[in-house]
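In what follows, a structure is listed as structure tokens, so that the remarks can point back to it.
The values are calculated or read from the model by the stated rules, or taken from the named source; none is laboratory data. Only a predicted model underlies this, so the values are computations on that prediction, with no experimental measurement involved. Note that we place each Cβ from the backbone using ideal geometry, even for glycine, and neighbour counts take in every protein chain shown. Quick note on the areas: whole protein, heavy atoms, side chains included, nothing else; ligands and nucleic acids left out. Shrake-Rupley method; radii C 1.70, N 1.55, O 1.52, S 1.80 Å.
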Amino acid sequence: RSLGILDQDRKPKSVGLEIGKMSKLIRELPFEDLPPHQIDAVCVLTKNDRWSNASAAFVLGKQAGLDIQYCPGDISGLELPDAPMYIVPGVNKWAIMYKHSWDTLKRKVHDDGASMLVTYDGGSLIELEDVFGLLPHGNVKSQGMHTAQFDSGKLGYRVTYELLLQSVGAKVLAVNEEGNPVFTEHDYGNGKVYFLNMP
């Protein structure tokens, strides 16, 4: 109902007939079980702006050839699935996730060798020096457009807030026109942590 599959007489429209053909095709395949879906990354959603962060991660992940599974980081006791990569997009506001989830993320990177990408949108981050290899010198309200210089070229961007950072072990992969780190990589135990100073 309400999906346009049936007409007023409850007879299937063309799309309904095609769905039936696909179901029949799947049943006739020469194997019973499909292999499990391979997950390339887990997107850990924080308390705020879930829909916009999840949809942006989905689109950018598909462009990069990644299949992403989503998991909330603010449900007490929820276990994060195993994955080679974790994405924490658009960190904003103060309480982004439960400590249990943060500690689990750190363990999966440090002990299990996963990678983690965190993108920043003005939120509160802890352990920047230890986990990210970055020393913060304040969070400032940003004015106008910035330009980030990557090896592959320049990228214009606008943010509401940015962290003023100094590397204390992180490899700086991109800086803005003021020399502030925009994208960094840091070895954290057996894994790597990437930090993007924009959402």
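Of all residues in region 167-199, how many are among the aliphatic types (A, V, I, L, M), in a loop (DSSP other than H, G, I, E, B) and more than 16 Å from Val131 (Cβ to Cβ)? Break it down stepwise before answering.
So in region 167-199, the residues among the aliphatic types (A, V, I, L, M) come out as 168, 170, 172-175, 182, 193, 196, 198.
So of that shortlist, the ones also in a loop (DSSP other than H, G, I, E, B) come out as 168, 170, 198.
After this cut, where a residue has to be more than 16 Å from Val131 (Cβ to Cβ) as well, the list is 198.
Matching residues across region 167-199 total 1.
Scanning region 44-97 for residues that are aromatic (Phe, Trp, Tyr) and closer than 22 Å to Gly113 by Cα, which turns out modelled with the highest pLDDT? Can you show your working first?
First, pick out the residues of region 44-97 that are aromatic (Phe, Trp, Tyr): 51, 58, 70, 86, 94.
Applying the additional criterion that residues be closer than 22 Å to Gly113 by Cα yields 70, 86.
Numbers: Tyr70: 88, Tyr86: 95.
Filtering first and then ranking leaves Tyr86.
Quick check, is Thr104 in contact (Cβ under 8 Å) with a residue 12 or more places away in the chain, among the hydroxyl-bearing types (Ser, Thr, Tyr) and either farther than 25 Å from Cys43 by Cα or surrounded by 14 or more Cβ atoms within 10 Å (Cβ to Cβ) (or both)? Break it down stepwise before answering.
On the way: in contact (Cβ under 8 Å) with a residue 12 or more places away in the chain: yes; among the hydroxyl-bearing types (Ser, Thr, Tyr): yes; either farther than 25 Å from Cys43 by Cα or surrounded by 14 or more Cβ atoms within 10 Å (Cβ to Cβ) (or both): yes.
Yes; evaluated as a whole, the condition is true for this residue.
Looking only at residues in region 148-161 that are within 19 Å of Asp121 (Cβ to Cβ) and either touching a Phe, Trp or Tyr at 6+ places or on another chain (Cβ under 7 Å) or assigned to a strand (DSSP E or B) (or both), the one that is most open to solvent (accessible area, probe 1.4 Å) is Arg158. Show the residue pairs that are 6+ apart or on different chains and have beta-carbon atoms under 7 Å apart, the first residue being within region 162-187 and open to solvent by 60 Å² or more (accessible area, probe 1.4 Å), the second being of a type in the set (D, E, K, R) and part of a strand (DSSP E or B). Note: pairs meeting the criteria are Lys171/Glu185. Would you be able to say whether some residue in region 24-35 is more than 18 Å from Phe195 (Cβ to Cβ) and in contact (Cβ under 8 Å) with a residue 24 or more places away in the chain? Scanning region 24-35, I find no residue that is more than 18 Å from Phe195 (Cβ to Cβ) and in contact (Cβ under 8 Å) with a residue 24 or more places away in the chain, so the answer is no. Exactly one residue out of Asp82, Asp130, Asp112, Asp121 is under 19 Å from Cys43 (Cβ atoms) and over 17 Å from the mean Cα position of the chain (by Cα): that is Asp112.
Filter region 152-199 down to the residues that are of a type in the set (Ser, Thr, Tyr) and closer than 26 Å to Lys106 by Cβ and list them by number.
Correct list: Tyr161, Ser167, Thr184, Tyr188, Tyr194.
Being in a loop (DSSP other than H, G, I, E, B) and either surrounded by 10 or more Cβ atoms within 10 Å (Cβ to Cβ) or among the charged types (D, E, K, R) (or both) is the filter here; which residues of region 5-46 pass it? Please lay out each step first, then the result.
So the first thing to find is which residues in region 5-46 are in a loop (DSSP other than H, G, I, E, B), and the list is 5, 7-11, 13, 28-40, 46.
Ile5, Asp7, Asp9, Arg10, Lys11, Lys13, Glu28, Glu32, Asp33, Ile39, Asp40, Thr46, listed by residue number.
Of all the criteria given as (1) modelled with pLDDT of 90 or more; (2) under 26 Å from Trp51 (Cα atoms), the one not satisfied by Ser101 is (1).
Considering Ala83, Ala56, the condition of being in contact (Cβ under 8 Å) with a residue 12 or more places away in the chain, in a helix (DSSP H, G or I) and surrounded by 15 or more Cβ atoms within 10 Å (Cβ to Cβ) is satisfied by Ala56 alone.
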